[in-house]
Amino acid sequence: MRKLAIANQLGPIHRTDSRESAVRRLVDLMREAADRGCRLVVYPELALTTFFPRWLHDSQDEIDAWFEREMQNDVTRPLFDEWSERE
């Protein structure tokens, strides 16, 4: 029989939270999960930002700011680096 470890939900991210703070939080959760024996981490589609469609945006630039242009980037790289170190 295989033992399966399941971690808790991420929880909400506030509109004023920076991506850097969200990534730090994700890395902390990843470390905690790995320490408990977790070998697979899956984040929700909005793990790096709040649920932005709940606000009216006046410009396309405001909307575009919610999206990543590339993955990995300077802000998200710690997530990839953390997991790579554990493999």
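List the residue pairs whose Cβ atoms are under 7 Å apart, where the first residue sits in segment 57-73 and is free of Cβ contacts under 8 Å to residues at least 12 places away in the same chain, the second is not in a helix (DSSP H, G or I), and the two are 6 or more positions apart or on different chains.
Going by the 7 Å Cβ cut-off, the qualifying pairs are Ile63/His57.
So Arg69 clears everything in (1) over 15 Å from Ala22 (Cα atoms); (2) surrounded by 12 or more Cβ atoms within 10 Å (Cβ to Cβ) except one condition, right? Which one?
(2)
Can you find, within segment 47-78, the residue that is nearest to Arg15 (Cα to Cα) among those that are modelled with pLDDT under 90 and touching a Lys or Arg at 6+ places or on another chain (Cβ under 6 Å)?
Only one residue fits best here, namely Thr50.
Pick from segment 14-37 the residues that are assigned to a loop (DSSP other than H, G, I, E, B) and either under 10 Å from the mean Cα position of the chain (by Cα) or charged (D, E, K, R) (or both): which of them is surrounded by the most Cβ atoms within 10 Å (Cβ to Cβ)?
Asp17
For Asp81, which of the numbered conditions (1) modelled with pLDDT of 90 or more; (2) part of a helix (DSSP H, G or I); (3) more than 14 Å from the chain's Cα centre (by Cα) fails to hold?
Just one mismatch for Asp81, condition (3).
The values are calculated or read from the model by the stated rules, or taken from the named source; none is laboratory data. What you see is a predicted model; the values in this text were computed from it and never measured. Cβ atoms come from the backbone with ideal geometry, glycine included; neighbour counts cover every protein chain shown.
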